[in-house]
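Read through the structure below, which is laid out as C-alpha cells, and then see the notes.
Where a number appears in this text, it was derived from the coordinates with a stated rule and is not lab data. As the structure is a computational prediction, the values presented were derived from the model and not from experiment. Positions of Cβ are backbone-derived with ideal geometry, glycine not excepted, and every protein chain shown enters the neighbour counts.
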Amino acid sequence: MPAALAPGSVVAVIGAGAMGAGIAQLAALHGHRVQLHDTRFGAAEQAKQGIAAALEKEVARGRLEAGAAAAALARIATLVTLPDACLASLVIEAIVEDLAAKRELLAQLADFVAPDCVLASNTSSLSITALAAGIRHPERVVGMHFFNPAPLLPLVEVVTGLATSPQVADRVFHTAAAWGKTPVHAASTPGFIVNRCARPFYAEALRLYTERAADPATIDAVMREAGGFRMGPFELMDLIGHDVNFAVTRSVWEAFFHDPRFAPSVAQQELVAAGFLGRKSGRGFYDYAPTAVRPPPRSEPAQPLPPRVVVHGAPGAAAALPQRMAAGGVAVEEGLPESRFLGPVLHVGGREGGVWLAPTDGRTATMRAVAAGVRDVVVFDLALDYATATRLAVARADTCSDEALALAVGALRAAGIAASRFDDVPALAVMRTVAMLANEAADAVVQGVAGPVAVDLALQKGVAYPRGPLAWADALGVAAVRDVLVHLAGHYGEDRYRLSPLIARRAATGGRLHG
Ligand code: NAI
C-alpha cells in the first residue's frame, strides 16, 4: 500500500455538516475527486455552496488563485445515494456522533467499496476499536480526527484501534501530511491525545473558580499574560460552548470509569442547566450582550518602590525577576546560597521588616510561612517567561501583614508586573495547570497513547499551547513538577492529583520526560 493516497483518487465524505464540509474542501483543494453525501435532504448541496463561499473568501484575501478555487469546487460532487461512493479509495465519515449510527454506516459502506478502501472516522470521542468491530475487513477502519475548522486547524489525530493495520494508519498519516496537516499517531483510548490531555486546562480553572480563588477575568488574564496561553480557560470555554465542553469532559470521565482525574465540574453543569452556554447564547462566564463591558482583571493597587531586594538561592527561570526589579530602580543584592525556604526566595526589604517573595512550589503561602517559621510570605505563580510576563498571580500567607504584601506588590510593579492577588490556594493558576497538563500527558505516554513528541506536538497544534507540557516540565525540572503535584495531592487529599508513574520515575532519577 503506497504511503499517501494518490492525488486524483476519490475521497468520499459522508456527513456534510460543519466538519464534513471542511474536510471535503481540504481534500478537493489537494487534488482529490470528492464525493459528498448526507442523508438530510439538500444538506450536501448546501455544504457545497458553503465551500464555494469559503473558497471565494480565500481568493479575495489573496490566499488562493481563482483558478485553483474553481478547479477544487469542480472536483466536488454531491451524491444522492451512498452506494455511488463505490469507487472511493478513502471514505471519511463525519456524521452524527453516535456509535450505532456510525457502525451501521461503516457496515453499509463495507458492502460496496473495494476491500482496500480506507474507512476513516472523524469521531472525537468514540472508540475506533468499537467502530471497527463486526465490520468486514476491520483492519481498514481508522480514526482521522480533524479539528474545527478543518481547513484551518493543522492537527489531525490518526487513531488506531485494536484491529487497525499499521499500513492503513500510515496511509492516512501521509495523506493528512500531503494535505498540509500535522498528523500524529494515537492509540484508540478515550479522548485520544488532545481531548484527554487538555482536560486539566479547563478543570483546574473551574476548580479555582469553584474555590473563589479569583474571578474568571483575573484567572484568564494570568493564564494569558503569565502562562502565554492564547486564550484564558474561561473565555475559551465560552467560545467552545459549555454544553460541548461539558459533554466532552463527561464523556472522557465516563469512558475512564469515573476516574476522579476527569471529574466534570458542578459549576459548569450549572451553566449548562441555565442555558448560559457562552458566546453562542449571549452569556457564559462573561456577558456577550452588545452593551456588555468585559470586566477587567483585578490587579493590586500600585505601591511605592521597595528600597532593597535580596536574592537567596538560585532563582533559575525566575532570575529575570530580580533583574527586572533592578532595571526598575530597586537595589538588588545577592544573599545566601541557601535559604530556610529550601528553595530560591527574594527578600523584599522595607524600612522595617520585609517580605519573603517565593515562587510557588505547590504549597500555599501559609504552609510555606509555617514551614519556614516566618509570618510574611507572598508566593508568586509560574510564568512561561519571567523576562516578559506582564502579570503574575500572587497569594499571601494568612499571617502576612498588609505592609508586607505592599512591599511584594511594589517590587513586582518595579519589574513592570501587575500582581493579581488570589486567595491562598496551592500552586496558583499557571503552575497547577502546567503540572496537571504534564501529568496527564505523561500518563498518555505511559499508557501507550502516543510518544512524548507526538503528545507535545498534538497539544501545540491542536489547542495552540505555547509549549508542549512535557517539554515545559522538562524545563522546570521533573522533580519540581512532581513536588507541585505531591503538594496538590496532599492539600486536597484527592486521587485526582495522583502522580503519573512516568513523572515519579523521571523525577527520581533526574531524567527527562522527553527521552
Ligand atoms: P453536524 O451536526 O454539523 O453534521 C453532521 C451531519 O451528518 C448532518 O448534516 C447530518 O444530516 C449528517 N448525518 C447524520 N447521520 C447521517 C448518516 N447516517 N449518513 C449521512 N449523513 C448523516 O456535526 P459536525 O460538528 O460536523 O460533527 C460531525 C462529526 O465530526 C462527529 O462525529 C463529531 O464528533 C466530529 N467532530 C466534530 C468537531 C466539531 O468541533 N464540530 C471536531 C472534530 C470532530
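Using a cut-off of 10 Å between beta-carbons, work out the net charge of the residues near P322 (Lys and Arg +1, Asp and Glu -1, P322 not included). Mind showing how you got there, number by number?
Values: positive: R324; negative: E333, E334.
Around P322, the surrounding residues sum to -1.
Considering the Cα trace of the range 205-364, what is its radius of gyration and what is Dmax, both in angstroms?
20.8, 58
Taking every DSSP beta bridge with both residues inside the chain, roughly what % is antiparallel (nearest 5)?
Details: 18 of 56 bridges.
That works out to approximately 30 percent antiparallel.
Loop only by DSSP, 14 or fewer other Cβ within 10 Å of the Cβ. Give me the trypsin sites (Lys or Arg not before Pro) in the range 306-401 that pass, ordered by residue number.
Values: sites: R308, R324, R340, R351, R363, R368, R375, R391, R396; in loops: R340, R351, R363, R375.
Of the trypsin sites (Lys or Arg not before Pro), the ones in loops of the range 306-401 whose Cβ has at most 14 other Cβ atoms within 10 Å are R340, R351.
For the chain, just the Cα atoms, rotate onto the principal axes and tell me the three extents in Å, largest first.
84, 52, 41
If exposed means no more than 13 neighbouring beta carbons inside 10 Å and the site is in a DSSP loop, what's the longest run of the chain without any exposed chymotrypsin sites (Phe, Trp or Tyr not before Pro)? Intermediate values should be presented prior to the final figure.
Details: sites that count: F41, F257.
Answer - 258-515.
Expressed in nm to one decimal, what extension gain is obtained for the pair H514 and L305 from 0.36 nm per residue of sequence separation less their Cα-Cα distance? Present the calculation step by step, with values, prior to reporting the outcome.
Details: separation 209, 0.36 × 209 = 75.24 nm, distance 4.18 nm.
The span from H514 to L305 would gain 71.1 nm if fully extended.
Pairs of alpha-carbon atoms within less than 8 angstrom and 6+ residues apart define the contacts here; what relative contact order does the chain have, in percent?
On the way: 1083 pairs, mean separation 60.0, N = 515.
Normalised by residue count, the contact order of the chain is 12 percent.
Given the Cα-Cα distance of T210 and Y288 and 0.36 nm per residue of separation, how much length would full extension add, in nm? Before the final figure, lay out each step's value.
On the way: separation 78, 0.36 × 78 = 28.08 nm, distance 2.18 nm.
Here the answer is 25.9 nm.
Using the beta-carbon distance between A475 and E97 and R0 = 35 Å, what value does 1/(1 + (r/R0)^6) give for FRET efficiency, to the nearest 0.05? Walk me through the numbers on the way to the answer.
Details: r = 37 Å, r/R0 = 1.05.
After rounding to 0.05, the efficiency reads 0.40.
So for the pair Q323, V80, with labels modelled 7 Å out along Cα→Cβ, what separation do we get in nm?
7.0
On a C-alpha basis, how far is the centre of the range 474-515 from the centre of the range 249-298 in Å? Whole number, if you could?
28
How much of the calculated P(r) for the range 435-515 lies past 15 Å, in percent of all Cα pairs?
The proportion of pairs with Cα distances above 15 Å equals 51 percent.
Could you pull the Cα extents of the range 10-188 along its three principal axes, largest to smallest, in whole Å?
46, 33, 25
Each residue of the range 246-262 in turn: what ³J(HN,Hα) in whole Hz from Karplus with 6.51, -1.76, 1.60 and θ = phi - 60°, glycine and Pro shown as x?
Per residue, the Karplus-derived 3J(HN,Hα) values read 5, 5, 5, 4, 4, 5, 5, 4, 5, 5, 9, 6, 6, 4, x, 3, 10 Hz.
Whole Å is fine, so just give me how far the alpha carbon centre of the range 1-57 lies from that of the range 163-240.
Taking the Cα centre of each part, the range 1-57 and the range 163-240 sit 26 Å apart.
Residue separation times 0.36 nm, minus the C-alpha to C-alpha distance between D402 and S281: what's the value?
Numbers: separation 121, 0.36 × 121 = 43.56 nm, distance 4.18 nm.
Difference between extended and current length: 39.4 nm.
Residues of the range 330-351 with backbone nitrogen within less than 16 Å of a virtual label 7 Å along the Cα-to-Cβ line of R375, please, listed as ranges.
Flagged as within label range: 350-351.
Return the Rg/Rh value of the range 308-421, two decimal places, where both radii are evaluated on C-alpha atoms and Rh is the Kirkwood radius.
On the way: Rg = 12.4 Å, Rh = 13.5 Å.
Across the range 308-421, the Cα-based Rg/Rh ratio is 0.91.
When the distances between all Cα atoms of the range 195-281 are binned every 10 Å from zero, what whole-number percent does each bin get?
Histogram of Cα-Cα distances, whole percents per bin: 18, 52, 28, 2.
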